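Q: Mind looking over this structure? Questions follow.
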Amino acid sequence: MEIKDIRIFLSNYLNQEIIYIPNPGNAGDSLIAFGTIQIFNELGLNWKMGNISNEYHNKTLFYAGGGNLVGLYDYCKKFIEKNKNDNKIIILPHTIKSEDKFLSNLNDNIIIFCREETSYNYVLKVFNHKKNVYLSKDMAFYINNLNKYKIIKGNGVCNAYRTDQEKTNIKIPKNNEDLSEKFKKWGNTNKINVIKDVSLSIFDYLSKFETINTNRLHIAIAGTLLDKKVNFYSNSYYKNKSVFEYSINNIYKNTIFMINIVKIKGSNNNSINGIYKVQPLRNVDENTKSYYKDEQYQLYRYKNKWRIAHNGKKVYLELSFCEGKEWDIDELDLKNIVKIKGSNNNSINGIYKVQPLRNVDENTKSYYKDEQYQLYRYKNKWRIAHNGEIVYLELSFCEGKEWNIDELDLTNIESENIFHDFTLFDVFWKNNLIYLILSINNNIVDESKLNVYLNKTKIKLKQKIIKDKYEPTLIFIYDDNSIDISKKLFIQVFFDGKEYSKEIEKIVNKEKSNFLCLTTLFKDDYNLFPNFYNYYKRQGVQHFFMYYNGLLNNKIKEIFNYKDVTLIEWNFRYWNPKKYKYRHHAQLGQMHHALYKYGKDNYEYMIFNDLDEYLFIPNIKLVEYIKLNTNINVFGFKNIWAKTKSKQKKLEENLDISEPSPFRKRSKCIYMVSSIETINIHHNCTMLKKENLICDNYMFHFYNWGDSQGPHRPDSIETPISKKINLNFL
């Protein structure tokens with residue numbers, strides 16, 4: 001339900017005591033708190049300031065609006081988990097995403113306000129209590145009494161781009177001030193006098209400028225409330241654009257969302273020059289965009305080219321460029337190609353022609369030089385791939401423009417976690433330890449040359465886990481120096497002149513260990529998952545940790561959209577090039593990442609198998625069989641090549657099968673995770689406890705379900721055996 005003015009909802013609480021829980025954050029959160037307090041006081045609500053660290057009972061709690069439920073932060077989530085049982089909790093207007101499990105477990109004592117339609121539609125989908133979901137604008141829009149600042153005309157341009165984890169690849173000007181960090185101070189969201197002081201300081205600062213360039217949501221809102229010219233840019237996900245579309249567009253005329261404008265200058269026809277705003281274009285296909293300067297001049301896209309028309313008729317010129325970029329018409333290359341030159345890798349140089357890219361969302365474009373080298377767009381960046389696997393560099397440019405790769409001010413060659421000697425797959429915190437999951441390409445990396453910093457403090461190596469054999473893996477475990485984990489954790493890894501840095505995830509062990517989970521790495525066979533999921537759920541699997549060997553798109557996310565599925569993007573090359581000592585790469589990293597990040601301390605047993613592999617024990621579920629054999633720590637399943645009689649790609653009663661292969665040849669296993677240190681793909685593991693193995697069970701491996709047979713699959717079964725199996729016990 002949409003509530004245009006939240007005062008209507010808040011009026012229901014006039015005769016109740018309410019507690020306002022501030023959201024820790026920057027100066028933008030001060031503006032949210034300032035608007036909220038003004039509305040509370042205007043209505044005469046009986047309210048008091050609460051504490052996010054407290055546990056309350058039988059209270060009405062209003063949690064501050066913001067963007068704390070987007071899979072990046074945990075303040076709001078932790079507070080609600082602690083207080084959700086016997087309180088009524090209202091979450092004030094928020095941006096919300098990537099919180100399926102958390103939202104689905106909330107009861108109807110929780111009311112959720114979303115501040116834009118994207119979040120609203122998402123919450124309606126995953127939250128079970130639809131009547132408790134509302135749509136209303138951000139609380140900062142309720143700030144009033146700003147006339148003393150609005151009357152100041154101001155001069156010049158204020159650049160206020162964000163520099164934190166939600167930053168984008170936009171080039172930061174030298175005179176940039178990240179105002180949300182600049183004005184942040186102690187108490188800026190929970191001390192009323194500090195909230196007011198910080199908020200008014202922002203308005204006072206912005207009033208001195210004529211134009212504001214920013215990708216900070218609340219700096220844009222503040223500038224909008226002052227009637228400044230605001231050029232508003234995207235953050236790292238949809239938040240800015242969605243708030244703009246719901247609360248600013250067509251309401252505040254001086255604020256423009258910059259990804260949706262084209263500014264043209266330098267034409268000999270001066271009447272064409274200007275800013276073109278986006279509107280839908282009638283009578284054209286759905287992929288066409290149209291930009292209007294006014295009723296006379298129209299900029300529109302037709303078959304991947306841009307045209308300017310006068311009164312909808314005469315075409316002045318055809319262009320090729322992108323939104324959000326200022327272009328000089330006289331210099332535009334009008335061809336619909338991308339020409340790349342100047343790369344140190346000369347094989348990348350050349351002209352890339354447009355072709356559709358398979359298995360990606362409809363907004364993605366792909367350019368091919370030949371079958372080996374591919375240029376494609378992903379999330380507004382361009383990447384070059386070799387044989388569809390190795391990403392050489394990430395670019396940001398437009399069609400029809402010739403670029404010198406060496407001059408591009410963006411990501412350098414290869415992704416940041418690929419070093420020359422190894423790949424750093426991931427870093428995470430768990431049990432007061434920092435885990436680095438690495439590959440071994442030729443030789444084991446010299447840990448003395450690897451410098452690791454946690455929140456800018458160097459940390460010491462505590463343990464090495466090394467498997468330097470056919471299928472190698474390497475895990476470095478560091479002491480976290482007893483760091484305060486309520487804070488964000490940032491890791492920096494330095495090796496051979498390269499740096500890897502990011503905010504790392506904290507893995508908190510479950511209070512009670514679950515029993516059985518499953519993990520695998522998959523690629524083009526993702527359509528097999530729904531039947532795979534249904535089968536293993538009936539076998540007793542409680543959670544699925546599914547790793548996609550590539551770049552996720554919306555289609556794949558939709559297929560794997562289950563409450564008990566964690567979908568991980570694992571965009572690393574599957575095989576190492578032949579120049580390396582070891583061939584296996586992505587899968588060994590994935591298996592040990594799943595084992596140490598998700599398996600150990602959270603589950604007792606873990607299944608490692610592919611989407612076309614069905615572990616089967618006659619007349620008993622896997623989970624029941626494991627519980628009958630608690631002395632066994634490795635359950636082995638011999639490979640049987642199988643084919644269904646029908647064309648459906650799911651396990652059926654009637655099969656054509658081969659004789660079983662010897663154990664360890666294409667076999668798969670279920671492991672007691674507390675007993676193993678490292679594993680191979682088809683068995684052979686390093687044990688922490690004495691191995692107790694059962695290997696007389698079978699796995700049906702459906703060799704004809706994939707898009708290709710692959711090097712290890714048969715084309716057919718030489719002498720197939722007809723087999724009928726009983727599935728009624730499942």
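Every number here is computed from the coordinates shown, using simple stated rules; none is lab data. These numbers come from a predicted model, not from an experiment. When we count neighbours, we look across all protein chains shown, and the Cβ atoms used for this are built from the backbone with ideal geometry, even at glycine.
Q: Around residue 661, what is the net charge, scoring Lys/Arg as +1 and Asp/Glu as -1 over all other residues with Cβ under 14 Å from its Cβ?
A: Working: positive: 638, 664, 665, 666, 668, 713; negative: 613, 659, 696, 718.
For residues surrounding residue 661, the net value is +2.
Q: Collect residues whose amide H, placed 1.01 Å from N in the peptide plane, falls under 5 Å from the amide H of residue 423; neighbours closer than 5 in sequence don't count.
A: For residue 423, whose amide H was placed from the backbone, the distant partners under 5 Å are 439.
Q: Here's another thing I want to ask about it. Name the residues whose placed amide hydrogens come within less than 5 Å of the amide hydrogen of residue 679, ignoring near sequence neighbours (fewer than 5 apart) on the same chain.
A: The answer is 686.
Q: Now for a different question. Note down the net charge around residue 22, summing +1 for each Lys or Arg and -1 for each Asp or Glu among other residues with Cβ under 10 Å from its Cβ.
A: Neighbourhood net charge equals 0.
Q: Pairs to check: 506/578; 578/665; 578/689; 182/241; 449/510. Give those whose C-alpha atoms are more than 29 Å from each other in this structure.
A: Working: 506/578 36 Å; 578/665 23 Å; 578/689 36 Å; 182/241 24 Å; 449/510 35 Å.
Pairs exceeding 29 Å: 506/578; 578/689; 449/510.
Q: For each pair in 4/88; 185/228; 48/563, compute the distance between the two Cα atoms and list the pairs where it is over 30 Å.
A: 48/563
Q: Okay, moving on. How high is the FRET efficiency between residue 46 and residue 513 when r is their beta carbon distance and R₀ equals 51 Å, given to the nearest 0.05? Show your work: numbers first, answer last.
A: Values: r = 45 Å, r/R0 = 0.88.
Calculated value: 0.70.
Q: Can you give me the long-range amide H partners of residue 212? Hydrogens built in the peptide plane at 1.01 Å from N, cutoff under 5 Å, separation of 5 or more residues or another chain.
A: Close amide H contacts, sequence-distant or interchain: 158, 229, 230, 231.
Q: Sum up the charges of everything whose Cβ sits under 13 Å from the Cβ of residue 485, counting Lys and Arg as +1 and Asp and Glu as -1, but leave residue 485 out.
A: Counting the neighbours of residue 485, the net charge comes to 0.
Q: Let me ask something else about it. Quick one: dipole size for the range 498-588, taken about the Cα centre, charges +1 on Lys/Arg Cβ and -1 on Asp/Glu Cβ, in debye to the nearest 20.
A: Numbers: 16 positive and 9 negative charges, 79 e Å.
Dipole magnitude for the range 498-588 comes out near 380 debye.
Q: Efficiency by 1/(1 + (r/R0)^6): what FRET value for residue 194 and residue 534, r their Cβ-Cβ distance, R0 = 45 Å, to the nearest 0.05? Spell out each step's value before the answer.
A: Working: r = 54 Å, r/R0 = 1.20.
So, using R0 = 45 Å, E works out to roughly 0.25.
Q: How big is the charge dipole of the range 514-724 about its Cα centre, in debye rounded to the nearest 20, if each Lys and Arg gets +1 on its Cβ and each Asp and Glu gets -1 on its Cβ? Write down the numbers at each step before the final one.
A: Details: 30 positive and 21 negative charges, 68 e Å.
I would put it at about 320 debye.
Q: Next question, about the same structure. May I ask you to evaluate 6.51 cos²θ - 1.76 cosθ + 1.60, the Karplus curve with θ = phi - 60°, for each residue of the range 476-490 and list the ³J(HN,Hα) values in order in whole Hz, giving x for glycine and proline?
A: Those phi angles translate into 9, 10, 10, 6, 8, 6, 6, 5, 6, 7, 6, 8, 5, 10, 10 Hz.
Q: Here's another thing I want to ask about it. Given the Cα-Cα distance of residue 716 and residue 505 and 0.36 nm per residue of separation, how much length would full extension add, in nm? Before the final figure, lay out each step's value.
A: On the way: separation 211, 0.36 × 211 = 75.96 nm, distance 4.50 nm.
Taking residue 716 through residue 505 to full extension adds about 71.5 nm, to one decimal.
Q: Between residue 674 and residue 131, take the C-beta separation as r, use R0 = 45 Å, and let me know the FRET efficiency to the nearest 0.05.
A: On the way: r = 45 Å, r/R0 = 0.99.
That pair, residue 674 with residue 131, gives E of 0.50.
Q: Follow-up question, since we're still on this one. For residue 77 paired with residue 201, estimate the spin-label separation in nm (one decimal), with each label point 7 Å from Cα along the Cα-to-Cβ line.
A: Modelled inter-label distance: 3.1 nm.
Q: Is the shape of the range 1-134 rounded, prolate or oblate, going by the alpha carbon gyration tensor and its root eigenvalues a ≥ b ≥ c, with a/c under 1.5 for rounded and a/b larger than b/c for prolate? Write out the running numbers ahead of the final one.
A: Working: a/c = 1.31, a/b = 1.25, b/c = 1.05.
In terms of gyration-tensor shape, rounded.
Q: Does the range 417-537 classify as rounded, prolate or oblate by the C-alpha gyration tensor (a ≥ b ≥ c root eigenvalues; a/c under 1.5 gives rounded; else a/b over b/c gives prolate, otherwise oblate)?
A: Verdict is oblate for the range 417-537.
Q: For residue 227 paired with residue 443, estimate the spin-label separation in nm (one decimal), with each label point 7 Å from Cα along the Cα-to-Cβ line.
A: Reported label-point gap for residue 227 and residue 443 is 7.1 nm.
Q: If you place +1 on the Cβ of every Lys and Arg and -1 on the Cβ of every Asp and Glu, how big does the dipole about the Cα centre of the range 570-676 come out, in debye to the nearest 20? Kindly include the intermediate steps, with their values, before the conclusion.
A: Numbers: 19 positive and 10 negative charges, 142 e Å.
Charge dipole of the range 570-676: 680 debye, to the nearest 20.
Q: Between residue 527 and residue 555, what length in nm is gained on full extension when 0.36 nm per residue of separation is reduced by their alpha carbon distance?
A: On the way: separation 28, 0.36 × 28 = 10.08 nm, distance 0.99 nm.
Result for the pair: 9.1 nm of gain on full extension.
Q: Expected output is a single nm value to one decimal: the length gained when fully extending between residue 210 and residue 578, i.e. 0.36 nm times separation in residues minus the C-alpha distance. What is it?
A: Using 0.36 nm per residue and subtracting the Cα-Cα distance, I get 126.6 nm.
Q: GluC sites (Glu not before Pro) within the range 26-103: which are DSSP loop residues with at most 13 other Cβ atoms inside 10 Å?
A: Details: sites: 42, 55, 81, 99; in loops: 55, 99.
Listed in order of number, the matching sites are 55.
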